[in-house]
4 protein chains.
Amino acid sequence: MAGNTIGEVFRVTTWGESHGPAVGAVIDGCPPGIELSPEDIQKELERRRPGRIRTASARQEMDLVEILSGVFEGKTTGTPISLLLRNTDVRSGDYEAIKDLFRPGHGDYTYFKKYGFRDYRGGGRASSRETAARVAAGAVAAKVIGKAGIEVVAYTRAVGGIEIKKTWQECLGLSREELMKNPLLCPEAETAALIEEKLLQTKDQGDSLGGIVEIIVRGCPAGLGEPVFDKIDADLAKALMGIGSIKGVEIGAGFAVAHMLGSENNDPLGPEGFLTNHAGGILAGITNGEPIVIRVATKPIPSIGKGQRTVTKDGEAREIVIGGRHDVCTIPRIVPVCEAMVNIILADHYLRQKAIEQWT
Amino acid sequence: MAGNTIGEVFRVTTWGESHGPAVGAVIDGCPPGIELSPEDIQKELERRRPGRIRTASARQEMDLVEILSGVFEGKTTGTPISLLLRNTDVRSGDYEAIKDLFRPGHGDYTYFKKYGFRDYRGGGRASSRETAARVAAGAVAAKVIGKAGIEVVAYTRAVGGIEIKKTWQECLGLSREELMKNPLLCPEAETAALIEEKLLQTKDQGDSLGGIVEIIVRGCPAGLGEPVFDKIDADLAKALMGIGSIKGVEIGAGFAVAHMLGSENNDPLGPEGFLTNHAGGILAGITNGEPIVIRVATKPIPSIGKGQRTVTKDGEAREIVIGGRHDVCTIPRIVPVCEAMVNIILADHYLRQKAIEQWT
Amino acid sequence: MAGNTIGEVFRVTTWGESHGPAVGAVIDGCPPGIELSPEDIQKELERRRPGRIRTASARQEMDLVEILSGVFEGKTTGTPISLLLRNTDVRSGDYEAIKDLFRPGHGDYTYFKKYGFRDYRGGGRASSRETAARVAAGAVAAKVIGKAGIEVVAYTRAVGGIEIKKTWQECLGLSREELMKNPLLCPEAETAALIEEKLLQTKDQGDSLGGIVEIIVRGCPAGLGEPVFDKIDADLAKALMGIGSIKGVEIGAGFAVAHMLGSENNDPLGPEGFLTNHAGGILAGITNGEPIVIRVATKPIPSIGKGQRTVTKDGEAREIVIGGRHDVCTIPRIVPVCEAMVNIILADHYLRQKAIEQWT
Amino acid sequence: MAGNTIGEVFRVTTWGESHGPAVGAVIDGCPPGIELSPEDIQKELERRRPGRIRTASARQEMDLVEILSGVFEGKTTGTPISLLLRNTDVRSGDYEAIKDLFRPGHGDYTYFKKYGFRDYRGGGRASSRETAARVAAGAVAAKVIGKAGIEVVAYTRAVGGIEIKKTWQECLGLSREELMKNPLLCPEAETAALIEEKLLQTKDQGDSLGGIVEIIVRGCPAGLGEPVFDKIDADLAKALMGIGSIKGVEIGAGFAVAHMLGSENNDPLGPEGFLTNHAGGILAGITNGEPIVIRVATKPIPSIGKGQRTVTKDGEAREIVIGGRHDVCTIPRIVPVCEAMVNIILADHYLRQKAIEQWT
């Protein structure tokens, strides 16, 4: 009933608070015989490490993962995989000052309302620190679907209104390693430069920016998705909307379908396959073999240096100015989190479909 | 592993194909003691009945619901509620001609790839006929949360690029009964007239239109949602993206957050509560007591009269012209389906939170 | 959270009350392509029909099943299978007299405590009428595992202390059709005769009897079961203990292991396989390829003609004498219910293991 | 689909192998505000520590638990509780000799068949080492239901055929602390002495013994259990049968019901409540407010010093003599594991019922 597990066959449970001793994940349902090393996971964690980016939080977590179970002689055994990430650079003192205040745009108020009290130290479970566990689990998922030739790549489409000109079709061939060369995980150098400038400027103003991440899935076979409620687009939307700060998810042509005609939007078929891909790789909640294309909108980081109106737990008006160590934009650190969630959903649905396929 | 159940506490399973003997739903986990009559359900089914709308399918289903279990002396008993809707106006013959063709934009191809064969009669389980079962189940969910003063209302925001001018704030007071007076469930008479004209025009051209539905939840208390994966926005996104034809979901400011500053997007708090509602009633995946505001984009109906390129099951090229009885736009019939899915998710999360609340 | 669904991959949900309009089941997760006809189900329902047995309830239900979905052209489609059984011979008037009394040994008191009121008409959902839906669903499960050569057969081992002399090894070859020739589903004619005599005698005395059912699974491959919680013996125990009136479950040597030595109880292996089967076909919660052997103890029917002490809903002392139409012993009608539950669990675990096997 | 999670509301996932770096558990769904310290858990782990018992394994695990999340300022927060137990005294070398042999009575053969290979080091996940994680999680469950006055106590009823004379009624008042004074957790001093003698004798003979554990639940309110599949007796049977080595579970009068009359077995009611308790506290799968009484049979430890016939992975015949560090009987170390599993099931069902109760 509590909601810290995702997936039906490839099941991921995360645990841990921002300022507790550690965060981690348990994966149940990973098939046996998959090669898995700590490096496989470390490599993905590196993508979201704050140290890589100039406008990111100054919090320095080494993010060294320990695999505590489920792997024997370098391969998964089919038993639960437990992943542990110690929190090392914790400065809870930073949060004493705002202990009784609700930070606008944060979960402080709602956590308080839900659980009756709050872990004020760095956002507790609502902190982006928790997403390190998702990225670790996502790395395992990527190994599972990687065996079938499925690859997920996400990149920065826009920040603060500055958007790349490339279409998703032009980004389809992007190598994940190549992308890593740009600290913003943005596939267009000149746009990246403009974005970085805007990030620095906004940081100086004590403000923050939102943006758009685009996610592409390559090599995905047709047949994944479980109507009528666990459709693949439904589960992808859930997994992505459940990342802190994401306020919109669209697939294929997305919101643009609202003003298209059926004759424009339908993807006709020829003997060689689909002739267009407005559907973004998904029809009736099932993959059709085309690339899956998703865009998500991420809101500006709510922690800003500017003064804001708020109240105390007792309802008294206050002004709040947030210090601490924060990013200016969730991008680019949210990019590997998006990849992780998509990897987890695809691993889950891939295994679900494999189970059906043998009957067909 | 199959995906025909939604919800953790208030669990809905739907079953049934478009051209089989019936469709239906089983609800497990409805609390005991809720007043429930067939009329409560019938009233909601009426909202999606094709007969109400000029440009809707000519298929005439009476949609008479039978409550087969779980209700005794007019009240729910806490045991499963089984709802049955017979299919009466079935003309499978209409589909013989396209038996071996994949209709563009439909699930024909993907169902075939997934299950190894297809029920070609009217889309089988991918048909919108299945949503009658969702609306029936949603009516029960509405009764549950209605007791707590929560009400869901959805309406037509745009069709074919023609959009209402009213903001969601101006629609906040809409009565669901009032809305029913307009066949398009559109809260702006002059816009509704323009839309209707466009629908008729598009019908004549053998084409179809997409649109935008806006959904508002009134009276929702703070505290609903189960981080980190079953956040309320995550579950709403899943439930809505899982409705056939929906390609985008956004909450509150939605995709607009991508070019907002943190200082613009954050909702400050005063002693009287939140001062703005860009968050759309949800912070960190938990409701904050403000109205929940959601928009979804629905693609144009894929069944169009114009000729389209497609292939047979054996990969041979064909032209397809679709006859049968179809709507021009999923709007307005999709509107009550959106309401139903939101009602189901809210009932589920309401019961989940009630279970926690007694501890806080 | 409510408990009317069983299984993870092959999921069965039952619904319906004894004296409501119908009972039924929805199966989600049945693989596509399995041949399934109403007769397949009818045949199994016939095994639990009261009319077959002299000491059984006089209630005459035709138990005609209707398959409402999930089957097309004689084969399952992979979508939910909805099964409907109308209640036809309902005489709720029989229960008016005991409306406010708690029948000893029945669920009247506990349902009242749980849900706050009770459906007094024939036990509502606690009635054995609900098991008709289980038997129907079990028939579908049997078709699934039948394709893999797995067969479940249960029979009467003992009633009222009168037990068959045959060991399970001697019953291993029993044909289910052969068994049906004896109304008591007892594989030893002379014991069956003694039991029948005792049943008639006990009926005359207005009393009832308990007994033991033995269940054997033939042809089950090694590898089924999901440690550490969903072990196959754990899930079998749950499925069987969850049948009304069952108070004990044992596997293989069962309770006898308590006074055996390790050297006696261990099953040694030779090149030809296991040399004994004290384990009853299950080691560490996983099938080992040997026959699965289970015994369950069923309590005497609580509805007896003798006067018993009880209380009203308001706690006032009364004597109760139960009329109505009742069996003297749950055996033999519980026998096919045991088979059904074992078939459901095996179908579920068979599909779970098939999903893993392709990786090994 | 994999089976390492138990519970619907109070959900426990265990992970970890006998000879890996650690074992642990994640609990999702524990209510907020419960006082919880490492000592609460440590105290329960102490009950299953081998060092306490002369005939137990010589493996010395300190079993120091670390609470990694979900507790803030001494109280649970409603977020997942992660518990970590490092494996410290691991000697995998002990197992090299039997690396390719299937130990009779163990899971070696079935794990190999299921997953395609095996973790031969001490039984991997099938080892009783995994139960340390269950006991840790059970300690948290006990805190939850302890607030409602529910207490679970288990004790040794019989070992190797030597059984206590006391009835469960005479054991009803047993204090758990008092029980700990006897290393065998046996409530009858003279029987305990006989058992200990038999254990030493059997150890000398290189053999092992089975036994019976009795479990009593005191203070359990009426109303717990979720028909028709998640009945409380069904879930208890599952939880207990899923403990390695348990081959039988019975409730209340148990297997004895098979030769009782209805008039003997039924528990009549008087104004003061139930007059007898043959039902063992459960009617129609729901608790009735009487003490819950359960007995389980545990098979002799399969690791014995005597030579046994077995085969290699390639099917060649061998004799096997098992060294290593083993107990002679799973009793008494299995006793706290039984308690833990019952605590977990009761916490889960208690929370499930609390959620319903507010509606009645």
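The values are calculated or read from the model by the stated rules, or taken from the named source; none is laboratory data. This structure is a prediction, so every number in the text was calculated from the model and none was measured. Cβ placement follows ideal geometry from the backbone for every residue including glycine, while neighbour counts extend to all protein chains displayed. Side chains included, ligands, DNA and RNA excluded: accessible areas come from the protein's heavy atoms. Shrake-Rupley method; radii C 1.70, N 1.55, O 1.52, S 1.80 Å.
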So the carbon and sulfur contribution to the accessible area of the range C:52-205, 1.4 Å probe, in percent, is 51 percent
Measuring from its Cα centre, the protein assembly as shown shows a charge dipole (+1 at each Lys and Arg Cβ, -1 at each Asp and Glu Cβ) which, in debye to the nearest 20, is 0 debye
Carbon/sulfur accessible area of the range A:237-279, % of total, 1.4 Å probe, equals 58 percent
Computed over chain C: longest principal axis from alpha-carbon atoms vs helix C:189-204 long axis, angle to nearest 10 degrees, is 20 degrees
Shielding of D:37-49 by other chains, given as the mean Cβ count within 10 Å, works out to 0
With Cα coordinates, the longest principal axis of chain C makes an angle with the long axis of helix C:38-47, in degrees rounded to 10, of 60 degrees
Once all protein chains are kept in place, A:CYS186 shows an accessible area at probe 1.4 Å, nearest 10 Å², of 10 Å²
The D/C contact buries a total accessible area, at probe radius 1.4 Å and rounded to the nearest 100 Å², of 8200 Å²
Across A:ASN266, A:ASN182, A:ASN277, the residue with the highest GNM fluctuation in chain A (Cα network, 10 Å cutoff) is A:ASN266
Of the candidates C:HIS278, C:VAL335, C:ILE164, the farthest towards the positive dipole end of chain C (Lys/Arg Cβ +1, Asp/Glu Cβ -1, centred on the Cα centre) is C:VAL335
Square roots of five times the C-alpha gyration tensor eigenvalues of the range D:216-360, ordered largest first and given in whole Å, equal 39, 18, 13
Expected field for C:THR312, accessible surface area in Å² at 1.4 Å probe radius, rounded to 10, holds 10 Å²
With +1 on the Cβ of every Lys and Arg and -1 on the Cβ of every Asp and Glu, the dipole magnitude of the range A:5-357 about its Cα centre, in debye rounded to the nearest 20, is 960 debye
The protein assembly as shown: Kirkwood hydrodynamic radius (Cα pairs, Å) comes out at 32.5 Å
Per-residue accessible area, 1.4 Å probe, largest first, puts D:ASP204, D:ASP327 in the order D:ASP204, D:ASP327
Accessible-area loss of at least 40 Å² in the complex relative to the chain alone (1.4 Å probe) applies, within the range B:261-278, to B:LEU261, B:GLY262, B:SER263, B:ASN266, B:LEU269, B:PRO271
Once all protein chains are kept in place, D:THR79 shows an accessible area at probe 1.4 Å, nearest 10 Å², of 10 Å²
So the FRET efficiency between A:LEU200 and B:GLU316, C-beta based with R0 = 41 Å and rounded to 0.05, is 0.10
In degrees, nearest 10, the alpha-carbon axis of helix D:335-357 is tilted away from the dominant principal axis of the alpha carbons of chain D by 40 degrees
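Which order do A:MET260, B:MET62 take by accessible area at a 1.4 Å probe, largest first?
On the way: A:MET260 30, B:MET62 125 Å².
From most accessible down to least: B:MET62, A:MET260.
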Those residues in the range B:320-360 that give up at least 50 Å² of accessible surface, probe 1.4 Å, once the partner protein chains are present instead of the chain by itself are B:GLN358, B:TRP359, B:THR360
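Nothing charged except the Cβ atoms of Lys and Arg (+1) and of Asp and Glu (-1): what's the magnitude of the dipole of the range B:232-313 about its Cα centre? Round to the nearest 20 debye.
Roughly 980 debye, rounded to the nearest 20.
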With every protein chain kept in place and a 1.4 Å probe, the range D:217-360 has an accessible area per residue in Å² of 24 Å²
CD proxy, 222 nm, the protein assembly as shown: helix-only mean residue ellipticity via -39,500 (n - 2.57) per DSSP H run with n ≥ 4, per residue, nearest 500, stands at -8000 deg cm²/dmol
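In whole Å and largest first, what semi-axes does the C-alpha gyration tensor of the range B:5-357 yield when each eigenvalue is scaled by 5 and square-rooted? Kindly include the intermediate steps, with their values, before the conclusion.
Details: eigenvalues 221, 132, 73 Å².
Semi-axes (√(5λ), whole Å): 33, 26, 19.
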If labels are modelled 7 Å from Cα along the Cβ direction, B:GLU73 lies from its partners in the other copies at nm distances, smallest first, of 4.8, 5.2, 6.7
For the table C:LYS147/D:LYS113; A:LYS354/C:LYS181; A:LYS113/A:LYS165; C:LYS114/C:LYS198, the rows whose alpha-carbon distance is greater than 32 Å are A:LYS354/C:LYS181; A:LYS113/A:LYS165; C:LYS114/C:LYS198
Between the residues B:ALA193, B:ALA347, B:ASN265, the Cα farthest towards the positive end of the dipole of the range B:5-357, that dipole coming from +1 and -1 charges on the beta-carbon of Lys, Arg, Asp and Glu, is from B:ALA193
Per GNM of chain D with C-alpha springs under 10 angstrom, the most fluctuating residue out of D:ILE162, D:ILE251, D:ILE81 is D:ILE162
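The range B:59-140: which GluC sites (Glu not before Pro) are DSSP loop and have at most 11 other beta-carbon atoms within 10 angstrom? If you can, show how the numbers build up before the last one.
On the way: sites: B:GLU61, B:GLU66, B:GLU73, B:GLU96, B:GLU130; in loops: B:GLU61, B:GLU73.
Passing both the DSSP loop test and the Cβ count: B:GLU73.
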Of A:ASP63, C:ASP89, ordered by accessible area with the largest first and a 1.4 Å probe, the sequence is C:ASP89, A:ASP63
